[in-house]
Amino acid sequence: MKVDDIGVIHIHAQKENHDDAYIVANRTALKKLKDLIDGALQKGKSCGEFMPQDGECFDLYIIVDDSDWQSESWKRRALPYTDEIASHPHRKDVVYPWMDTKPSAR
């Protein structure tokens with residue numbers, strides 16, 4: 001696969017609640033991300049390969065959870081913050097996104 005087919009993307013998560021999150025990408029990556037979102041909306045999940053500027057490829061999984069935002073499903077999900085104070089290191093029942101991913105997402 002050529003680099004142009006993968007798309008260069010940087011995804012910067014929130015450090016804590018109310019922080020901004022950023023996606024910086026070339027057009028190839030943004031179009032691929034759009035297609036992955038469309039696929040997840042149809043199938044419930046999708047996965048695609050991307051890379052940051054350093055060339056180290058990674059899989060990006062998109063998972064649809066249409067449960068009410070106050071449902072048990074969402075309450076159990078790990079918060080996406082990178083700062084340990086804002087995350088859930090002390091909880092035992094946290095569900096991380098990789099627990100929902102299976103090879104069938106591709």
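Couplings 3J(HN,Hα) of region 46-56, computed from phi: 7, 8, x, 9, 9, 8, x, 4, 6, x, 8 Hz, in residue order, whole Hz [Karplus 6.51 cos²θ - 1.76 cosθ + 1.60, θ = phi - 60°; x for Gly and Pro]. Here region 9-46 is scanned for amide nitrogen atoms under 13 Å from the site 7 Å beyond the Cα of LEU60 along Cα-to-Cβ, giving 9-13, 22-40, 46. Rounded to whole Å, the principal axis extents of the Cα atoms in region 3-105 read 41, 30, 22, largest first.
Net charge near PHE50: determine it from the other residues with C-beta under 11 Å of the C-beta of PHE50, scoring Lys and Arg +1 and Asp and Glu -1.
Details: positive: LYS32; negative: ASP5, GLU49, GLU56, ASP59.
Taking every other residue near PHE50 into account, the sum is -3.
Cβ-to-Cβ counts within 10 Å put MET99, MET51 in ascending order as MET99, MET51, the fewest first.
Where a number appears in this text, it was derived from the coordinates with a stated rule and is not lab data. If you're wondering where the values come from, they're calculated on a predicted model, not measured in any experiment. Cβ coordinates were reconstructed from backbone atoms using ideal geometry, including for glycine residues, and neighbour counts include every protein chain displayed.
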